[in-house]
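Novice: Here it is: the structure, laid out below.
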Amino acid sequence: MSLLTWNITRLKSHYLAALFLVTLITAVLYLTVDNESILEERKTGHEEQKTYEEDQSNIARQNSVSRCDFFSGTWVYDNISYPLYKEKQCSFMLDSFACEKYGRKDLKYQHWRWQPHDCDLPRFNGTALLEKIRGKKLVFVGDSLNKNQWTSMLCLIESSVHQSTPKLVIQNGNLFTFQATVRQLYSFHIVESNSDHPVSHGLGERIIRITAIEKHARHWSDADILIFDSFVWWVQETTMTLLGESWKKENCYNETEPIFKEGYWGIATDREMMNLAESTIQKLQKRGLKVDYLNITHLSDLRKDAHSSIHRKFPRTISEEQLANPTSYADCTHWCLPRVPDVWNQILYSYIMNS
């Protein structure tokens, strides 16, 4: 990992504002990371040889990750190897993402495996991840989609650790500590706004302080790895309508198959904004900040079948008129668990393990 210290207050916020506008962006920032070894196996000549071989294997994996385009591929049905965990068996599962619990009968959405064109996506190993980030803080910052991914990460880790190691979990609000800290922090716009409250944020007119990030940043300034997602809150007024236009049906309600059209991009995907984010990240990299840009937009666009739709606990009462027309209240933003956010975390896992 790169050795560096990042002072969040020195980062000009207009760069950050541009960065977090990208659709379903996941950016991994490595901060104040030490390179201490987790495994102490370097005492004998045999162990030194073993370490050398492991180092060579690590180099090979790093080269594989750098050469592999994880973001170009197709969804393949696999009901043997996937899902990696069961909804009912994850003690961290939230009702917002528990589609099976809330009546979804078609469970094919759980079995689609993301297959890159030129390589294989490494299988998630929660025990290995915890060893890699032992004593460090992995923090998800953003909105409810970010919480969607965070919940997925907790379920993936839990499904690994309870099989081979005693599960020691310390919970303090939304902070969970295994061998490392895995936390989620609400910050809908990343910068300060009048809709920052995690529950009471349904305001008619939003006011955003585009140059003010310190209010939220002080809560994550000690993180070792940061994952940001804030897209929906920057385009909230148009997202649902655009999604409806991009699919044959009105929206995600009753969709049961992914999109297989080669080269497909959803109409809600703003390619110009993606280019802006990439340009901004390049500027950050030139300033010495280690950023990995994991653009999972395309692979997610293809999964019109995997949204929560009407199969979730809604924060508001559904009216009789809405119940008579399910498309009017279907949630086409969030994702059922397990699946699509699990793939985001598989890719994240690969980058962390090979960093």
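Novice: With a 1.4 Å probe and every protein chain left in place, tell me how much accessible area residue 279 has, in Å² to the nearest 10.
Specialist: Ignoring ligands and nucleic acids, residue 279 comes out at about 50 Å².
Novice: Same structure, new question: Between residue 120 and residue 313, how high is the FRET efficiency from 1/(1 + (r/R0)^6) when r is the Cβ-Cβ distance and R₀ = 56 Å? Nearest 0.05. Let's see the in-between values first.
Specialist: Numbers: r = 36 Å, r/R0 = 0.64.
So, using R0 = 56 Å, E works out to roughly 0.95.
Novice: Which residues' amide hydrogens lie under 5 Å from the amide hydrogen of residue 307, considering only partners 5 or more residues apart or on another chain, with H built in the peptide plane?
Specialist: 336
Novice: Can you give the accessible area per residue of segment 304-355, in Å², using a 1.4 Å probe?
Specialist: Accessible area per residue: 34 Å².
Novice: Could you work out what % of the accessible surface of segment 302-355 is carbon and sulfur, using a 1.4 angstrom probe and leaving DNA, RNA and ligands out of the count?
Specialist: Working: 920 of 1760 Å².
Percent of accessible area from carbon and sulfur atoms in segment 302-355: 52.
Novice: For the pair residue 81 and residue 278, what calculated FRET efficiency results from E = 1/(1 + (r/R0)^6), where r is the Cβ-Cβ distance and R0 = 45 Å, to the nearest 0.05?
Specialist: Efficiency, from the Cβ-Cβ distance: 0.85.
Novice: Here's another thing I want to ask about it. Residue by residue through segment 282-296, which ³J(HN,Hα) values in whole Hz follow from phi under the Karplus form 6.51 cos²θ - 1.76 cosθ + 1.60 (θ = phi - 60°), with glycine and proline marked x?
Specialist: Per residue, the Karplus-derived 3J(HN,Hα) values read 4, 5, 5, 5, 5, 8, x, 8, 7, 10, 10, 9, 9, 8, 9 Hz.
Novice: Just how much of residue 320 is accessible, in Å², when a 1.4 Å probe is used and the result is rounded to the nearest 10?
Specialist: Accessible area, nearest 10 Å²: 140 Å².
Novice: Quick one: ranking 118, 222, 95, 331 by accessible area, 1.4 Å probe, largest first, what do you get? List each step's numbers first, then the result.
Specialist: Working: 118 140, 222 80, 95 45, 331 15 Å².
Order by accessible area, largest first: 118, 222, 95, 331.
Novice: Please give the solvent-accessible surface of residue 186 in Å², to the nearest 10, using a probe radius of 1.4 Å with every protein chain present.
Specialist: 70
Novice: May I pose another question? Classify segment 102-160 as rounded, prolate or oblate, taking a ≥ b ≥ c as the square roots of the eigenvalues of its Cα gyration tensor: rounded when a/c is under 1.5, otherwise prolate if a/b is larger than b/c and oblate if not.
Specialist: Numbers: a/c = 1.83, a/b = 1.24, b/c = 1.47.
Oblate, because a/c is 1.5 or more while a/b does not exceed b/c.
The values are calculated or read from the model by the stated rules, or taken from the named source; none is laboratory data. Just so it is clear, the structure is predicted and the values come from calculations on it, not from any experiment. So basically every Cβ, Gly included, is an ideal-geometry build from the backbone, and we count neighbours across all protein chains shown. When the accessible area is computed, the model is the full protein with side chains, heavy atoms only, and any ligands, DNA or RNA have been set aside. Shrake-Rupley method; radii C 1.70, N 1.55, O 1.52, S 1.80 Å.
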